1. Exactly one condition in (1) more than 29 Å from residue 87 (Cβ to Cβ); (2) in contact with a helix residue (DSSP H, G or I) (Cβ under 9 Å, 6 or more places away or on another chain) is false for residue 151; which is it?
2. Could you list, in sequence order, the residues of the range 76-100 that are surrounded by 15 or more Cβ atoms within 10 Å (Cβ to Cβ) and free of Cβ contacts under 8 Å to residues at least 40 places away in the same chain?
3. Could you check, for the range 214-222, whether at least one of its residues is surrounded by 15 or more Cβ atoms within 10 Å (Cβ to Cβ), farther than 30 Å from residue 107 by Cα and in contact with a helix residue (DSSP H, G or I) (Cβ under 8 Å, 6 or more places away or on another chain)?
4. Can residue 67 be described as within 22 Å of residue 107 (Cβ to Cβ), in a helix (DSSP H, G or I) and either at pLDDT below 90 or not assigned by TED's automatic domain parsing to the domain that holds residue 128 (or both)?
5. Any residue at all in the range 52-61 that is more than 23 Å from residue 178 (Cα to Cα), at pLDDT below 85 and either out of contact with any strand residue (DSSP E or B) (no Cβ under 9 Å at 6 or more places or on another chain) or not in a loop (DSSP other than H, G, I, E, B) (or both)?
6. Looking only at residues in the range 170-198 that are outside any helix (DSSP H, G or I) and more than 15 Å from residue 233 (Cα to Cα), which one is modelled with the highest pLDDT?
């Protein structure tokens, strides 16, 4: 089964479970005040030993002192021994400033991976509490604070499945657009440009432009000794095979 389909079904099932909890006295709280959510997270952080995080966008940071303070809090938590793993959507890496911060924190020990499929904003501290954004829109109000063990187990399973299928932060293929990745995947199947064009219902000229672009992004200059098509496929395989 396609991994993205499996994850979509798991997310749908989780939404059904959460929906069925309305009116039932369980340890799930809806908080619409973002400031209150931030306060609750701040209370959890000092005692937490592990953080699993997923972000469909990069958390909002302000310029100057607030951004430095946010980065400092992460570094302080790493220094005291907190284990952190973070999954971000590939679009985050399109912003050089955000990409630079991601790589800095990754090098410091907050391990990052990248996915292309839609994900929900999620923070899971140890196996104690999770903060799940209720809508997929950036900064929209509404967060579920979850301490119910059965739901925590489902959320951790969702994270681990997503992590297992995600790409390493330093893999070159994260710089490719969604269309370029589609083209490269078909090339890896041994298809010619004309066959790729038919499969994607685009012109062969458009395929040629995508191929030229992915060669550039993968740092594959034209040389008499190298087959760039083969080298691009090897880069693709290194990014897909775990």
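The values are calculated or read from the model by the stated rules, or taken from the named source; none is laboratory data. These figures come from a predicted structure and were not determined experimentally. Cβ sites come from the backbone with ideal geometry, for glycine too, and all protein chains shown count toward neighbours.
1. (1)
2. 77, 78, 82, 83, 84, 86, 88, 89, 92, 99
3. no
4. yes
5. Yes.
6. Here the residue is 177.
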